[in-house]
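Q: Handing you this structure, nothing more for now.
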Amino acid sequence: MAETFLPHYADGEVVKGFGRGSKELGIPTANFPEDIVEKLPADLPTGVYYGWANVDGGDVHKMCMSVGWNPYYKNTKKTMETHIMHQFPEDFYGSRLKIVMVGYIRPMSTFASLDELITAIRNDISETDKKLDEPEVQHFKVNNFFATS
Ligand code: ADP
Ligand code: MG
């Protein structure tokens, strides 16, 4: 069960992804480097998670993250791709991203069409929005983790 491994904290630099066109879909995902991904518990299920995030010590925002398999490494390594639910003025490659994963939404799945994929992601985002309004997850947002450097 995914929940067994939560909360999971991660802190690292935003690196270039694989240009899978997330931004073109209107859903940019900030990628963590390999060493951060390797700190995920080995048995943590792939799929979509929700939680909180901040960039370079800024405000803490809602986030939705996919943990999936990296095609570049023939699906032997995982990726962590974080969509922060905030409008940033510009890209922040090289910035420091902190996240805490607090809940699990769904396993990975393949979609028959781009439309279905986009619908699923929109669903994930609205689910994230709702879950993170719950009182029991607010303390993660004000956690010292985000405040300290
Ligand atoms: P890549 O394949 O390099 O990850 P994406 O299309 O997924 O490209 O875009 C990700 C980049 O977009 C992030 O690394 C970040 O610099 C920028 N970005 C801007 N706004 C956001 C946001 N709200 N959430 C995540 N990344 C964002
Ligand atoms: Mg990305």
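Q: For residues that are buried (at least 17 other Cβ atoms within 10 Å of the Cβ) and within 8 Å of ligand 1 (Cβ to nearest atom), tally how many sit in region 1-26.
A: Within region 1-26, residues that are buried (at least 17 other Cβ atoms within 10 Å of the Cβ) and within 8 Å of ligand 1 (Cβ to nearest atom) number 3.
Q: For region 27-57, how many residues are more than 17 Å from Tyr73 (Cβ to Cβ) and within 10 Å of ligand 1 (Cβ to nearest atom)?
A: 6
Q: Test each condition in (1) open to solvent by less than 20 Å² (accessible area, probe 1.4 Å); (2) small (Gly, Ala, Ser); (3) under 21 Å from Ala147 (Cα atoms) for Gly58 and report the one that comes out false.
A: Among (1) open to solvent by less than 20 Å² (accessible area, probe 1.4 Å); (2) small (Gly, Ala, Ser); (3) under 21 Å from Ala147 (Cα atoms), Gly58 violates only (1).
Q: Sticking with this structure for a sec: How many residues, within region 29-62, are more than 13 Å from ligand 2 (Cβ to nearest atom), part of a strand (DSSP E or B) and not hydroxyl-bearing (Ser, Thr, Tyr)?
A: Counting residues in region 29-62 that are more than 13 Å from ligand 2 (Cβ to nearest atom), part of a strand (DSSP E or B) and not hydroxyl-bearing (Ser, Thr, Tyr) gives 9.
Q: Within region 17-33, how many residues are at pLDDT 95 or above and more than 11 Å from the chain's Cα centre (by Cα)?
A: Final tally of qualifying residues: 1.
Q: Restricted to region 65-102, and to residues that are within 14 Å of ligand 2 (Cβ to nearest atom) and open to solvent by 80 Å² or more (accessible area, probe 1.4 Å), which residue is farthest from the chain's Cα centre (by Cα)?
A: Tyr72
Q: Ok, one more. Determine whether Ile105 is open to solvent by less than 50 Å² (accessible area, probe 1.4 Å) and assigned to a helix (DSSP H, G or I).
A: So Ile105 fails the test.
The values are calculated or read from the model by the stated rules, or taken from the named source; none is laboratory data. In this text, all values refer to a predicted model and were calculated from it rather than measured experimentally. Using ideal geometry, Cβ is built from the backbone for each residue, glycine included, and neighbour counts are taken over all protein chains shown. When the accessible area is computed, the model is the full protein with side chains, heavy atoms only, and any ligands, DNA or RNA have been set aside. Shrake-Rupley method; radii C 1.70, N 1.55, O 1.52, S 1.80 Å.
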